Structures are given as structure tokens and as C-alpha cells.
Amino acid sequence: MQSNKISLKQFIQYLKIAVTGKEQNFTSGSIRRAVFMLSIPMILEMLMESIFALVDILYVSQVSVNAVATIGLTESVITLVYAVAIGLSMAATAIVARRVGEKDLKGASNAAVQVIFLGVLVAAAISVIGILYPKEILGLMGGEPDLIAEGYGYTKVLLGGNITIMLLFLINAIFRGAGNASAAMWTLILSNGLNIILDPMFIFGFGPIPAFGVEGAAIATTIGRGTAVVFQLAILFFGYSKIKVGVKDLVLRVGVMFNLIKVSLGGIGQFLIGTSSWVFLMRIMSEFGSEVLAGYTIAIRVMMFTIMPAWGMSNAAATLVGQNLGANEPERAEQSVWKTGKYSAYFMGVVSIIYLVFAPQIIVLFNNTPDVVKYGSLCLRVIAAGYIFYGYGMVVINAFNGAGDTKTPTYINFVCFWLLQLPFAYVMAITLDFGPSGVFWAITFAEVLIAIVAIVWFKKGHWKTVKV
């Protein structure tokens, strides 16, 4: 019998292959190896994103409590942009992965071009709103007048330059669908590496660059992401990926476009439900003042540091499902999901223990204001209590998306977020006067429920028959 154990030398060899992207065939051979080869670059990609989020909040927390709260309010709105970007990216990953599994690289390239066209159109509309109405947006979110005066520039720049967010998401989704996760990883390393370098320069000033305060964080982010998008386009046009786009491919293909829109609508709806519930939760939190809001914002940023790797594994599951369904291997697709979900749950379980024990020490690294530490650590502990469920649930939900079945997660999100989480959060926090902890428990309750429902429905197997 062949041993499942590998030596340290083999592990390092596999790691090198994974980060360089030399292996892109995931429809045959060892499933565990396929999960490893896709997950490693996706985890590193998401870790880089979350490291930047932590560094960003670390710098901004030195400006003021209002600056941190501004980021929290703005990001609760910018998540609506993420909803559209992620919804479109789910469709891109599903369709590109399916075409690659079918060995139709031309069809995969056609889908890539159409998703980029869609992203540019949507981003342009959002930019206009962000540039014209940043103060009104912060006001609607419950921002106090002094917060709006200090932070509206951040909102204006981030929303105005949202095309960099949109294209970064979409083109990386194309790379992932093609199985070239390492290209997506290196793109985010470039983007967030630049952000980390530029952040203090634009926030605090450097040489001829004036100190922009919290607005400087948005400027640095936009420059970093914009540079990465240029890098992505170079990869696509010069053929460094399995998917190659030429000038002759830059035409509108109505059939491909409508198929993409059809698949993405479920994904967009799915994330709009999730992110709009996030906006309402942030609105409830704003009732308790800027210090509580800042603690909540820091805790969520810290949590993103560990949720991102689990999200990376869930992206790997989506690619494996899409490519294996395209290769007519549905059972292999299902086995890939269970294995990836197990690894994700193990990882999140370890992290939850760390957060439960060391929450106050973690929050105080970013801000030592007593109420910020108190509510930030409470948020971290309550939400970490459901981390094992989050890890498994994210993988299964994204497996539906990888199959092109974006409707099922939409229905699950609608029930768990809108019909259960939001009323529960409001009643607990405001009506029953539990305060911020009511919101924290509502988040945990909803995420645990999503995981349970998703696993039960995934076992039914309807996702195996979806055509994209």
C-alpha cells in the first residue's frame, strides 16, 4: 500500500510547483495534490490581502478614532461594489473553469473578454456616485459631522477609483478558473506590497508628498491596485497564462455576454444580500458611538486575516468543481469539496482558539482606547466561536458557485441573513438592550446556520446537473 505521507523535501518541491503555477491540470491524478496545488497560491493570495488590511488599519489608527470609523463606514458601502465584482467573478471562474475542463480555451478567452467589458461599465457608474456624493454616503451610514468632515476624501477616492477593485477581482477570477492560481497570487503580492509601501507615505507625508491623513490610505490603495491591473492585462495579452487575449478578441459577443450575465445574476444577488446585511449591521453599530464602531472595525479586519485563507481554499474548491464537471467527473468534483472543507475547518478551528484566548492582546496592538479594546475583543471572541462552521461553510457555498449554481447560495443567504440575522441583531442590540454583543451573536448565529443548510443541500447533488 502506498503511504500518504510525504517528506519535507517533497513538500517543499510541491510548494515550489504550486507558487510558480507549473501544474494546471486538476481533472486527473491525486485529489489531495490538486487541492494543495490550487489552495497554496490562493491562500497566499488572500493572506497578502488580509496582511494589507491589517497594516492599513494599523497606520490609520494612528490618525484618529474617527479615521478608523470612516474606514468601517466606507467599507460597508464598498462591499456593495465587492458584491458586484465577486458576483461577476464567480460567473467568470465557473464559465472559464468549465471551458478549460472541456479543453475549449478559445471559449474561455471569449468569456474573459466579456467579463472585463461588464466590469468596466459597472465600475464607471459607481465612480460617478462616489465622486459626487461622498459626504451624503457617510451621512446615510450614520457618520457624525466631524467624522464626515475628516473622512469624506477617503470615501471619494476609494469609490471614485473602484474600477481598480473591480478589474483586480475579475481578472484574478479568470486566472483561477483557468487553474493558474499563481498568477492571481503574484498580482495581489504586487498590489498589496505597493499599498504597504505607499500607505505611510500618503497618510503621514513623505518628501514632496503632503500628509493626506485617512484619504492617503485610499490614494495608496488605488495606486497599488491600478498597477496590479496593468500587470494582469500584460499577462492576458502577452500570453503568460493558459488564457490569452488578443486585440482581435476585443469585440462584444452577445451570446457569451448574456450567458455570463445569467450566471452572474445569482452571484451578484447572493453577495448583495450578504453585503447589504453588513451595511445594516454597521448602521446598528453606529448607534453605539465611534469607539464601539472602531473596535468592531478593527476586530473585523483582524478576522479577515484568517477568513481570507479559508476563502482561498474555497476558491480552490470552486475551480476544482468547475474543471471536473467540464471533464465529466462529477464524483471527483464532490470528493474535492469534502477534502477542501475538512482542511479549511481544521485551520479555522486552530485560529478560533487563538482568538478566544488572546483577543484583548490582539486588539490593543491596533488601538489601546479602553472601549475600543473592550468591544473589539468581545466581537473577536463571539464571532470566533463559530469559526469551524465558517471554514466548512465557505468551501461548500463556493462549490455551488464553481458549478455555476449561484441561485442556491442566494436563497440560503436571503433566508439566513435578511430573514433571520438582521431582525435578530436589531431585537437583541436595540429592543432587548444587549448592545453591540447582540450584533456579534447575530453574525455567529447566521454563519453557523448557513454552513449547516449548505452542507445538507450540497449532499442532494443537484449542482452536478447545472449547465453553463
*Using the Cβ atoms and a cut-off under 14 Å, what net charge is assigned to the surroundings of residue 113, where Lys and Arg are +1 and Asp and Glu are -1?*
+4
*Gyration tensor (alpha-carbon) shape descriptor, segment 77-195, a/c threshold 1.5*: prolate
*Can you tell me how much longer the chain between residue 356 and residue 456 gets when fully stretched, taken as 0.36 nm per residue apart minus their C-alpha distance, in nm with one decimal?*
33.2 nm
*Where segment 1-113 is the region considered: accessible area per residue in Å², 1.4 Å probe*: 40 Å²
*asked:* How tilted is helix 8-20 with respect to the longest principal axis of the chain? Cα atoms for both, answer in degrees (0 to 90, nearest 10).
replied: 80 degrees
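Tell me the mean residue ellipticity at 222 nm calculated for the chain from its helices only (DSSP H runs of n ≥ 4, each -39500 (n - 2.57), averaged over every residue, nearest 500). If you can, show how the numbers build up before the last one.
Numbers: 17 runs with 368 residues, N = 468.
Counting only the DSSP helices, I get -27500 deg cm²/dmol.
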_Residues of segment 427-461 with backbone nitrogen within less than 20 Å of a virtual label 7 Å along the Cα-to-Cβ line of residue 331, please, listed as ranges._
458-461
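How much length is gained if the chain between residue 368 and residue 104 is pulled fully straight, taking 0.36 nm per residue apart and subtracting their Cα-Cα distance, in nm to one decimal?
Numbers: separation 264, 0.36 × 264 = 95.04 nm, distance 5.54 nm.
Value of the extension gain: 89.5 nm.
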*What list of whole percents do you get for P(r) of segment 102-148, with Cα-Cα distances grouped in 10 Å bins up to the one holding the largest distance?*
22, 27, 21, 15, 12, 3
*Taking a cut-off of 25 Å between Cα atoms, list the lysines near residue 460, but don't count ones fewer than 8 places away on the same chain.*
262, 339, 342, 407
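Quick check of the Kirkwood formula: for segment 306-376, what is the inverse mean of 1/r over all pairs of different Cα atoms, in Å? Please report the intermediate quantities before stating the final value.
Working: mean 1/r = 0.0695 Å⁻¹.
Its Kirkwood hydrodynamic radius stands at 14.4 Å.
Put 350, 157 in order of accessible area, largest first, 1.4 Å probe: what do you get? Let's see the in-between values first.
Values: 350 90, 157 40 Å².
Highest to lowest solvent-accessible surface, that is 350, 157.
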*asked:* Full-extension gain between residue 431 and residue 8, please, as 0.36 nm times their residue separation minus the C-alpha to C-alpha distance.
replied: 146.7 nm
*Sticking with the crude label model, points 7 Å out along Cα→Cβ, report the distance from residue 211 to residue 250 in nm, one decimal please.*
4.3 nm
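Counting Lys +1, Arg +1, Asp -1, Glu -1, what net charge surrounds residue 328 among other residues with beta carbon under 12 Å of its beta carbon? Could the numbers behind the result be given before it?
Values: positive: 98, 103, 332, 464; negative: 102, 329, 331.
With Lys, Arg at +1 and Asp, Glu at -1, the net is +1.
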*Using alpha-carbon pairs under 8 Å, 6+ residues apart, how would you state the relative contact order of segment 388-468 in percent?*
46 percent
*Does segment 241-387 classify as rounded, prolate or oblate by the C-alpha gyration tensor (a ≥ b ≥ c root eigenvalues; a/c under 1.5 gives rounded; else a/b over b/c gives prolate, otherwise oblate)?*
prolate
*asked:* What does the charge count around residue 51 come to, taking other residues whose C-beta lies under 14 Å from its C-beta (Lys +1, Arg +1, Asp -1, Glu -1)?
replied: -3
*asked:* If I take every Cα pair under 8 Å that is 6 or more residues apart in segment 39-138, average their sequence separation and divide by the length, what percent do I get for the relative contact order?
replied: 21 percent
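Just to confirm, what accessible area per residue do you get for segment 235-388 at 1.4 Å probe, in whole Å²?
Values: 6150 Å² over 154 residues.
The answer is 40 Å² per residue.
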*Counting only protein heavy atoms and using a 1.4 Å probe, what share of the accessible area of segment 74-216 belongs to carbon plus sulfur, as a whole percent?*
73 percent
*Compute the distribution of all C-alpha to C-alpha distances in the chain, in bins of 10 Å from 0, and list the percent of pairs in each, rounded to whole numbers.*
4, 21, 32, 27, 13, 2, 0
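The values are calculated or read from the model by the stated rules, or taken from the named source; none is laboratory data. Remember, predicted model here, so these are calculated numbers, not experimental data. Cβ sites come from the backbone with ideal geometry, for glycine too, and all protein chains shown count toward neighbours. Just so you know, the surface numbers come from the protein's heavy atoms only, side chains and all, with ligands and any DNA or RNA stripped out. Shrake-Rupley method; radii C 1.70, N 1.55, O 1.52, S 1.80 Å.
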